[in-house]
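Colleague: Below you'll find the structure I mean.
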Amino acid sequence: MEKTFVRGTWQEKRAYSPAVITKGDQTIVWVAGHTGRSDDNGRSLAGDFDAQFHQTFSNIGKTLAEAGSKLSDIVTMTVFLIDARYTTRMTELRVELFGSDFPASAAITVSGFADPTIMLEVQCVAVCQ
């Protein structure tokens, strides 16, 4: 098995890779938890669940592209939510994002994140050719 690490910038300070790629019979991309606390211009998205959801998946998409993969290659994800009341909205947004071919998933409510403005974090695995 061949293993490649996607190198982040600030992630290195926290001792993790944004993703790890393994290649054997298939290429698997193991994506670390991603958030969307701020937009691409650095503007805070505090308190805006929909915006954080979209930014989170935009960030995941960028990491997957760097690994030669894409959002539609995701086979499973774990979504960590700051409040269980966001579960229904997260499901609605996920349907918009994936259509009817969505990955396996678990939603877990947490008591907090390292940054208190974060409302969700997503960790996932993608399988690609």
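Colleague: Taking a ≥ b ≥ c as the square roots of the eigenvalues of the Cα gyration tensor of segment 29-95, is the shape rounded (a/c under 1.5), prolate (a/b larger than b/c) or oblate?
Modeller: Taking the square roots of the gyration eigenvalues as a ≥ b ≥ c, segment 29-95 is oblate.
Colleague: I would also like to ask the following. Just going by the charge dipole of the chain, with Lys and Arg at +1 and Asp and Glu at -1 on Cβ, which of Ser58, Pro18, Val125 is farthest out on the positive end?
Modeller: Pro18
Colleague: If you wrap a convex hull around the C-alpha atoms of segment 3-129 and split its volume per residue, what is the figure in Å³?
Modeller: 106 Å³
Colleague: Under a Cβ-Cβ cut-off of 12 Å, what is the net charge of the residues other than Val127 that fall near it, where Lys and Arg count +1 and Asp and Glu count -1?
Modeller: Charge balance in the 12 Å sphere: 0.
Colleague: To the nearest 500 deg cm²/dmol, what mean residue ellipticity at 222 nm is calculated for the chain from DSSP H runs of n ≥ 4 alone, each contributing -39,500 (n - 2.57), summed and divided by the residues?
Modeller: Only helices count here, giving -7500 deg cm²/dmol.
Colleague: Please get the size of the charge dipole for the chain, origin at its Cα centre, with Cβ charges of +1 on Lys and Arg and -1 on Asp and Glu, quoted in debye to the nearest 20.
Modeller: Around 280 debye, computed over the chain.
Colleague: Could you list which residues have their amide H under 5 Å from that of Val75, counting only those 5 or more apart in sequence or on another chain, with H placed in the peptide plane?
Modeller: Placed amide hydrogens put Val125, Ala126, Val127 under 5 Å from Val75.
Colleague: Work out how much length Ala65 to Gln26 would gain on full extension: take 0.36 nm times their residue separation and subtract the Cα-Cα distance, in nm to one decimal.
Modeller: The span from Ala65 to Gln26 would gain 12.4 nm if fully extended.
Colleague: Which percent of the accessible area of the chain is formed by carbon and sulfur heavy atoms (probe 1.4 angstrom)?
Modeller: Here carbon and sulfur together make up 50 percent of the probe-accessible area.
The values are calculated or read from the model by the stated rules, or taken from the named source; none is laboratory data. The structure presented is a predicted model; accordingly, all values stated were derived computationally and were not measured. Ideal geometry is used to build each Cβ from the backbone, glycine not excepted, and the neighbour counts take in all protein chains shown. What goes into the accessible areas is simple: the full protein's heavy atoms, side chains included, and nothing from ligands, DNA or RNA. Shrake-Rupley method; radii C 1.70, N 1.55, O 1.52, S 1.80 Å.
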